[in-house]
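Just below is one structure, and these are the notes that go with it.
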Amino acid sequence: MIGLEIHVQITSLKTKLFCSCPADYRGKEPNTNVCPVCLGLPGSLPVFNMRALREAIKVALALNMNISDYLVFTRKHYFYPDLPKNYQISQYDGIGSTPIARGGYIMIKVNGNLKKVRIRRINIEEDPGRIVYPFASAAKSPYVMIDYNRSGIALLEIVTEPDLTSPREAREFVRKLASILEHLGVCNPRLEGALRVDANVSVRGGERVEIKNIGSVRDVEKALSYEITRQLAIVKSGGKVVRETRHWDKSRGVTVSARVKELEEDYRYFPDPDLPVIRVSKGLIDEVRKELPELPDERITRFIRDYGLSEYLASVLVMESKLLADYFEDVVNVCRYPRLIASILINEFLRWIDEAKIDINEGIRRLSKDRLCYVINLYSEGKISTKLLKEYVKRIVLEDIDPKDLVKEGLTVLSSEEFIERIVDEVFREYRKAVEDALKNPKAINFLVGQVMRKTRGRADPKLVNEIIRRRLISVERG
Amino acid sequence: MEVPTLASVIEEIRSRPKLLTEYIEEIYERINRVEPILRAYITIRPKEEVLRDAKVVIEKLRSGEAGKLAGALVAIKDNIVTKGLRTTCASRMLKDFIPPYNATVVERLLSNDAIIIGKTNMDEFAMGSTTENSAFYPTRNPWDTNRVPGGSSGGSAVAVSALEALASLGSDTGGSVRAPAAFTATVGLKPTYGLVSRYGLIAYASSMDQIGPICRSVVDTALILDVIAGKDGKDATCIGVRKCNYVDEVREGINDGVKAKLVVIEEMVSEGVEPVIKASFERTLRKLEANGFSVSWVSEQIIKYSLPAYYIIAMGEASSNLARYDGLRYGLHHSVEGLSWYEVFSKVRSEGFGREVKRRILVGTYVLSAGYYDAYYLRASKVRRVIRDRLKDLLRRYDFIVSPTMPVLPPKLGERIVDPLKLYAIDVETVVANLAGLPAISVPSDFISNLPVGFQIMGDEFSECYLLKVSAFIESILKVSPTAPSWVM
């Protein structure tokens, strides 16, 4: 059984959750993006950033949840150096407290089957600071540094029911959730640390183990596979899986024990007296509902219906990244060929940006709408073959080159009859046997075509080559 | 010699700005003389710095740009943060803490051209009622230096009472402004919860803490409140409803008088109230009746539970608010080498906090623990709601609830502090206002064997206009304040 706890930063906000420090803390000098409030200095008080409520409502609606009538913040106490007040302002499901939303679900598709994954609740809470290990890991570092730039960033903690049964499902779930958040505009999941997954895993006959620190969609599957294998091996050898918290060590691809939990921790929850309860009006919820954008499932359906895409192409385009799906629509609106463009984006573009290790924004900048449309036009006019089309995309993405320069380089179909005739002459001289075969069996002509293409390094227009060879064969036959 | 008040000094300085320098010289001369005995201050600003500030104010007075409090030489309780000026909370934990920002109330005082003289002594983290729980030294009562001045804002009350400042700010969680006001013959106001911003007040119990002025007269109190009250975007609990100019109300009260319906809750003047205090209280009531007030007596059984409810809530919140003192970012610091986080935290907190603070953190941690939360914190919160409802109901029928401010005369040093329960018991009259969020003021009403006695008046939420008006009238009837012990003059 797998249950997930996903911490999502509300990256759409301009400021932190309870103070006016910028929410964009990335890449700043340590401890420069702070103020008395997010440092928890004596006397400071939190003031709620109301925009965060709107964002939380968006997510709750998209995940089909019941939204609480009241917004109540609760203090969750534990001593840890990255937590400036030694309590986190969070939410809690208990007497006098409530999470912002409860009881929703997400549909995922695994191996062609639809599955409903239930969401237990969403909390709005503040992010702690970050402990920085100067020598890569805790074990190797004789000291640590604490950076509070992240302290107080708005988080949504999304908790699922233990409905997931395999690492693959867990990965699909996180992918779907990330796509929904991106379409809502609440979170940019590609930002480092913007989406962090903790997982609770148990196998039959064992205790529940919590895995923390899983950073990416891909790692969810890896970490869970490792952990399940580890737990099964213990059970099989007659051992006992102990209740503990483990950390995912990405570089080694293993989970490492962090602390053994013998008892349920006592967080001493109580309603935060610094933050008055706020009523969540039906009017606000309706207003947010009206502004909800198109969500991934609706978009996939529309792509299949309006652009004639296969379900596979449509769902990869949408789920890979909203940016890619937006870009796809942009390009198709200008130069048509939706199916061709979808397959180029998925099979070529994604492959090469991955190879070059550039992000999707940079990839789209290089393969701009104008450049791609220009290449598509070359193709539709017969100036380049499918093979060359792929070559163009590859070189544009890898070299950030203008396709017009590739044309100047001569990377187009050779349509000079005179030149092709010369090559055909050459081939006929070199492969007399093949010529005789072709005279007897029309299918054998392909070998000759292939040789011409080889000599022109794929640039000859295959149609033209075919025609010239046929003409030549006729004249050979006539002698 | 006439006792100067904030109002009289401000007025005098308006026509003769240069006098400000003389007042400062006089106050520093007195501080040098009385501080070795009284110890009202923890930090006193160097005179030269204060004189430099005065120069700017004098210039402004001359050019007619001075703020409402030009000439106000004020003392600030040492749990209210002051930018660049050490703020210790009378704790070893914050012995060397220099805040990088000003509390909202400090900003407002300064922008109205008040000048800060220093930071006053208190019970550590405002936990206590005698100012003996300071990590540094106790403050003594100027009316009898063998006695405590009350607390926790004892330093603020003594600074005003002994003429070491013209006015001061204290904080009141369960009576910490009113108790020392009563014991030093000063006026102390705890405003409605949410009238004055708590931003920059180092939290003890967030749902009850309020900053309030301690002054030598009701009009002085109104002058300070006028500046510090009002909505603040930095404190979500501060809604700051203001309906009047407090000073105008006070003047009206003095000139025209008020006829108000007063009510006494029997449970507040029975158990634990010394007979001399009760007798004095009844004398005061008779004087008020003679001046047109009506007085009724009612019984409210729930009041008996106010003290335990108050201490459970206060300690629970304190255990949470004081969790942040771990020695990593500010305050008492220890070498962390070779120690785990938890060892560092334990060491710092063991050394940094005093006994009473530790006691309240431990009890507070207990009442918030899973399994005990319902029986203690939650039940106390319910009692609190009932008390609030009962008092609000009473205040629909009567204008003000009155009582003695303190059930006893100022105790001798060491007399109460030995037994925590005896110490907590003297808050019995004052905690009610904090539990219910209501405004309450202590006005000097009597002297018994040359020891001050205070009269507490509690009003409805955000009724400070009316409360101050009535208090000013009562003050004019009782004719005790303004006053000061003759030896300090």
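The values are calculated or read from the model by the stated rules, or taken from the named source; none is laboratory data. Note that the coordinates shown come from a computational prediction; the quantities given were computed from them, not determined experimentally. Cβ coordinates were reconstructed from backbone atoms using ideal geometry, including for glycine residues, and neighbour counts include every protein chain displayed.
Just a few scattered comments:
- Only listed residue being at pLDDT below 95 and either out of contact with any helix residue (DSSP H, G or I) (no Cβ under 9 Å at 6 or more places or on another chain) or part of a helix (DSSP H, G or I) (or both), chosen from B:K278, B:K287, B:K304: B:K304
- Residue within the range A:330-344 that is without any contact (Cβ under 8 Å) to a residue 60 or more places away in the chain, under 16 Å from the mean Cα position of the chain (by Cα) and farther than 15 Å from A:E294 by Cα present: no
- Selection within the range B:56-97 - assigned to a strand (DSSP E or B) and in contact (Cβ under 8 Å) with a residue 60 or more places away in the chain: B:L73, B:V74, B:A75, B:I76, B:K77, B:I80
- Residues in the range A:47-67 that are surrounded by fewer than 22 Cβ atoms within 10 Å (Cβ to Cβ), part of a helix (DSSP H, G or I) and within 14 Å of another protein chain (Cβ to nearest Cβ): A:L53 only.
- The C-beta contact set for the range A:358-377 (first residue at negative phi and in the same structural domain as A:R395 (by TED's automatic domain parsing), second residue of a type in the set (A, V, I, L, M, F, W, C) and in a loop (DSSP other than H, G, I, E, B), distance under 8 angstrom, 6+ apart or interchain) comprises A:R366/A:I358; A:V375/A:I384.
- Being closer than 23 Å to B:I312 by Cα, assigned to a helix (DSSP H, G or I) and not small (G, A, S) holds for only one residue in B:V363, B:V348, and it is B:V363.
Rundown of residues vs (1) more than 14 Å from chain A (Cβ to nearest Cβ); (2) in a strand (DSSP E or B); (3) within 15 Å of B:I417 (Cβ to Cβ); (4) under 11 Å from the mean Cα position of the chain (by Cα), yes/no style:
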residue	(1), (2), (3), (4)
B:F125	no, no, no, no
B:T130	yes, no, yes, no
B:S134	yes, no, yes, no
B:P138	yes, no, yes, no
B:A159	yes, no, no, no
B:A165	yes, no, no, no
B:A182	yes, no, no, yes
B:L189	yes, yes, no, yes
B:R198	no, no, no, no
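- Filter result (more than 25 Å from A:M453 (Cβ to Cβ), buried (at least 21 other Cβ atoms within 10 Å of the Cβ) and among the hydrophobic types (A, V, I, L, M, F, W, C)) within the range A:361-396: A:I364, A:L367, A:L372
- Tally, over the range A:345-381, of residues that are under 17 Å from the mean Cα position of the chain (by Cα) and outside any helix (DSSP H, G or I): 3
- Long-range neighbours under 7 Å by Cβ, at least six apart or interchain, first residue surrounded by 14 or more Cβ atoms within 10 Å (Cβ to Cβ) within the range A:267-293, second aromatic (F, W, Y) and part of a helix (DSSP H, G or I): A:F270/B:Y377
- Figure legend. Inter-residue proximity from the range B:37-55: first residues closer than 21 Å to B:N141 by Cβ, second residues outside any helix (DSSP H, G or I) and among the acidic types (D, E), beta-carbon distance below 6 Å, spacing 6+ or different chains. Indicated pairs: B:A40/B:E164; B:I42/B:D78.
- Filter result for B:R86 (at negative phi, at pLDDT 95 or above, basic (K, R) and out of contact with any Ser or Thr (no Cβ under 6 Å at 6 or more places or on another chain)): no
- Scanning the range B:475-489 for residues that are over 20 Å from the mean Cα position of the chain (by Cα) and closer than 25 Å to B:K261 by Cα yields B:S476, B:I477, B:L478, B:K479.
- Yes/no for B:S217 being in contact with a helix residue (DSSP H, G or I) (Cβ under 9 Å, 6 or more places away or on another chain), surrounded by fewer than 24 Cβ atoms within 10 Å (Cβ to Cβ), modelled with pLDDT of 95 or more and not aliphatic (A, V, I, L, M): no
This table checks each residue for (1) surrounded by fewer than 21 Cβ atoms within 10 Å (Cβ to Cβ); (2) more than 14 Å from chain B (Cβ to nearest Cβ); (3) free of Cβ contacts under 8 Å to residues at least 12 places away in the same chain.
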{"residue": "A:L45", "(1), (2), (3)": "no, no, no"}
{"residue": "A:D69", "(1), (2), (3)": "yes, yes, no"}
{"residue": "A:F79", "(1), (2), (3)": "yes, no, yes"}
{"residue": "A:D82", "(1), (2), (3)": "yes, no, no"}
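- Criterion (touching a strand residue (DSSP E or B) at 6+ places or on another chain (Cβ under 9 Å), at pLDDT 95 or above and closer than 28 Å to A:R175 by Cβ) met by exactly one of A:N86, A:N149, A:N123, A:N49: A:N123
Yes or no, residue by residue, for (1) in a loop (DSSP other than H, G, I, E, B); (2) within 30 Å of B:G155 (Cβ to Cβ):
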| position | (1), (2) |
| --- | --- |
| B:I211 | no, yes |
| B:R242 | yes, yes |
| B:V250 | no, yes |
| B:I254 | no, yes |
| B:V258 | yes, no |
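- Of the residues screened, A:I420 is not one that is at pLDDT below 90 and outside any helix (DSSP H, G or I).
- Index of the failed condition, B:L423 passing every other in (1) crowded, with 19+ Cβ neighbours inside 10 Å; (2) more than 12 Å from every other protein chain (Cβ to nearest Cβ); (3) modelled with pLDDT of 95 or more: (3)
- Within the range B:366-381, the set of residues being more than 26 Å from the chain's Cα centre (by Cα) and assigned to a helix (DSSP H, G or I) comprises B:Y366, B:V367, B:L368, B:D374, B:A375, B:Y376, B:L378, B:R379.
- Residues being over 23 Å from the mean Cα position of the chain (by Cα), touching a residue at least 40 places away in the same chain (Cβ under 8 Å) and assigned to a loop (DSSP other than H, G, I, E, B) - total across the range B:260-273: 2
- Single unsatisfied condition, B:G352 versus (1) more than 11 Å from chain A (Cβ to nearest Cβ); (2) small (G, A, S); (3) out of contact with any Lys or Arg (no Cβ under 7 Å at 6 or more places or on another chain); (4) more than 24 Å from B:A436 (Cα to Cα): (3)
- Filtered by the rule that a residue be crowded, with 21+ Cβ neighbours inside 10 Å and either without any contact (Cβ under 8 Å) to a residue 60 or more places away in the chain or part of a helix (DSSP H, G or I) (or both), the range B:351-360 gives B:G352, B:V357, B:R360.
- Taken over the range B:225-242, residues that are basic (K, R) and either over 22 Å from B:A114 (Cα atoms) or at the interface with chain A (Cβ under 7 Å from one of its Cβ atoms) (or both) amount to 1.
- There is no residue in the range A:234-244 that is crowded, with 17+ Cβ neighbours inside 10 Å, touching a residue at least 24 places away in the same chain (Cβ under 8 Å) and under 30 Å from A:R299 (Cα atoms).
- The range B:443-479, residues that are surrounded by fewer than 24 Cβ atoms within 10 Å (Cβ to Cβ), on the phi < 0 side of the Ramachandran plot and in a loop (DSSP other than H, G, I, E, B): B:D460, B:E461, B:S463
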